[in-house]
1. For the range 13-54, give me each residue that is within 11 Å of the chain's Cα centre (by Cα), not in a loop (DSSP other than H, G, I, E, B) and not hydrophobic (A, V, I, L, M, F, W, C).
2. I'd like to verify a number: residues in the range 30-62 that are open to solvent by 70 Å² or more (accessible area, probe 1.4 Å) and without any contact (Cβ under 8 Å) to a residue 12 or more places away in the chain, how many?
3. Between a first residue in the range 67-95 that is closer than 17 Å to residue 45 by Cβ and at pLDDT below 80 and a second residue that is open to solvent by 60 Å² or more (accessible area, probe 1.4 Å) and in a strand (DSSP E or B), which pairs have beta carbons less than 7 Å apart while being 6 or more apart in sequence or on different chains?
4. If I filter the range 63-75 down to residues being assigned to a strand (DSSP E or B) and open to solvent by less than 60 Å² (accessible area, probe 1.4 Å), which single residue comes out as farthest from residue 128 (Cα to Cα)?
Amino acid sequence: MGVFTYESQVITAISPAKMFKACVLDGDNLIPKILPQAFKSIEYIEGNGEPGGIKKVTFGEGSQFKYMKQKVEAVDREYCTYLQCDRSKYYTVGEFELKEEGIKAGKGKSLRMFKAIEAYLLANPDAYKDSIIHFNEYHVRYWPFFSSSF
């Protein structure tokens, strides 16, 4: 079993506080609404989004994955920080085998998801009104989503 990591930076006109609210604090509701072809549902099967909780992401029709489970390690609303476990369990459809190429493709899909959220926020400027949040850094770390094209 190999270990695959990547880092990326994305420049956006959306404030860190608003992006944090949309992606992290309300992402479980927002993401399936704006990307229903990729994500059927996102729900907590243990906890409610706080550290120790386990999230189940059910992928849309046509994905090679049925669902995945992720454990939330840390959420800091003051500093807009979210960390999930380095290990996510993916449950595949049939005999699909994940290879390094699939991991790399997931990076592009994660960027497209981010851009879809950004487009939604630009089209809906009153959504997720900024509140005063003091932060030193904006760091949201996502395991790449491998799902149908979006």
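1. Those that are within 11 Å of the chain's Cα centre (by Cα), not in a loop (DSSP other than H, G, I, E, B) and not hydrophobic (A, V, I, L, M, F, W, C): 27, 28, 32.
2. Selection size over the range 30-62: 3.
3. Pairs found: 84/71; 84/73; 85/71; 85/73; 88/69; 89/69; 91/66.
4. The initial filter retains those residues of the range 63-75 that are assigned to a strand (DSSP E or B), namely 65-75.
Narrowing further to those that are open to solvent by less than 60 Å² (accessible area, probe 1.4 Å): 65, 67-68, 70, 72, 74-75.
Numbers: 65: 31, 67: 28, 68: 27, 70: 25, 72: 22, 74: 21, 75: 18 Å.
Filtering the range 63-75 for residues that are assigned to a strand (DSSP E or B) and open to solvent by less than 60 Å² (accessible area, probe 1.4 Å), the one farthest from residue 128 (Cα to Cα) comes out as 65.
The values are calculated or read from the model by the stated rules, or taken from the named source; none is laboratory data. All figures in this text were calculated on a predicted structure; none of them were measured in a lab. Here Cβ is always computed from backbone atoms with ideal geometry, including for glycine, and neighbour counts include all displayed protein chains. Remember, those area values only see protein heavy atoms, side chains included, never the ligands or the DNA or RNA. Shrake-Rupley method; radii C 1.70, N 1.55, O 1.52, S 1.80 Å.
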